[in-house]
């Protein structure tokens, strides 16, 4: 039996555009959302081939910005999917546009995981990021979500201009006080075409960024969170099933504006043009992967995980030993890679330089 796949659905609409965001996004417009949901339905009908589905992730944008009627239409698209009984279904949102009525609607349609962007509780940070955050609203929604038995993720952003370790500690105090199942952390990277970049802001000093990363790792580890991926922490075995599909280099559909898919030997990216998308021109770019490409993705993604890359699973998947393609022994000798129980991994204390380690790994190619 073929492996179950994951599905990502992109909802690009936001009631407010944050200063750091470079994702595919559009200001909320009721009529435009209705047209988009119709186009999304058509894309699913034209591309999805009844594969078993183990995970659905609705991201954005701000999916919670949709109305009750629009969310109902969105969730009705689940009827097209061949979903496993224990399918993990996540929806992103912010606290400002999440209501008790929407939480009850999520529950009705079997959504079982919520992901909220807190980013920071510091007023200067929020002003810089152009985000609204009401702490009483956070408490209200988190309490109700727990009562309704949702699994909960919150996002923390760090390494902001003018941020200090003291400010970060206060953010961590607050997020830990919420006692959620999962925390995702993001070092702010000032991307081209964002408001921050246009205003001339620059990334913080690398040493301070590293100190902040170390602080986050220690605080979350001490609070009982398992650091299972470079930027992600979970407790109570609540690791993100959906994101593990990406990191395990498994196949997935991406539906909606700018969404990415990985199916068979192809990686596809959807158009970022809303006009094109509404006309039914969904896919913008397709990369046909060679065996070498697929193995590179396997290495890059699996080494993000604490468990690393299992050499026996690699052999089962590619019918060759990894050492036939890459000489990774020098990295083991230099203590940059660890080999335990047939798994190659990067130690947690080296994760901060994982990009450099992976670059060296890929340079060790044999018989290219």
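The values are calculated or read from the model by the stated rules, or taken from the named source; none is laboratory data. Fair warning: this is a prediction, and the values are worked out from it, not measured in the lab. Neighbour counts run over all protein chains shown; Cβ positions are idealised from the backbone, glycine included.
In this structure, residue 299 does satisfy being surrounded by 13 or more Cβ atoms within 10 Å (Cβ to Cβ) and touching a residue at least 40 places away in the same chain (Cβ under 8 Å). Scan region 207-222 and give yes if some residue there is closer than 30 Å to residue 52 by Cα, touching a strand residue (DSSP E or B) at 6+ places or on another chain (Cβ under 6 Å) and surrounded by 18 or more Cβ atoms within 10 Å (Cβ to Cβ), otherwise no. The answer is no; no qualifying residue exists.
The numbered conditions (1) under 21 Å from the mean Cα position of the chain (by Cα); (2) without any contact (Cβ under 8 Å) to a residue 24 or more places away in the chain are all true for residue 222 except (1).
If you go through region 180-202 and pick out every residue that is over 14 Å from residue 129 (Cα atoms) and touching a strand residue (DSSP E or B) at 6+ places or on another chain (Cβ under 9 Å), you end up with 6.
Do we find that residue 171 is in a helix (DSSP H, G or I) and modelled with pLDDT under 95 in this structure? Against the criterion (in a helix (DSSP H, G or I) and modelled with pLDDT under 95), residue 171 does not qualify. So, residue 295, is that one touching a strand residue (DSSP E or B) at 6+ places or on another chain (Cβ under 9 Å) and not in a strand (DSSP E or B) or not? So residue 295 fits the description; yes. For region 66-78, the set of residues classified as in contact with a helix residue (DSSP H, G or I) (Cβ under 9 Å, 6 or more places away or on another chain) and under 26 Å from residue 239 (Cα atoms) consists of 71, 74, 75, 77, listed by residue number. Summed over region 312-368, the residues that are in contact (Cβ under 8 Å) with a residue 60 or more places away in the chain and on the phi > 0 side of the Ramachandran plot give a count of 0. Among the residues of region 298-309, the ones that are more than 12 Å from residue 328 (Cβ to Cβ) and either modelled with pLDDT under 95 or not in a helix (DSSP H, G or I) (or both) come to 4 in all.
A count restricted to region 171-198 and to residues that are within 20 Å of residue 123 (Cα to Cα) and surrounded by 15 or more Cβ atoms within 10 Å (Cβ to Cβ) stands at 12.
Quick one: residue 315 ticks every box in (1) farther than 23 Å from residue 212 by Cα; (2) loosely packed, with under 13 Cβ neighbours inside 10 Å bar one, so which box is it? The single condition residue 315 does not satisfy is (2).
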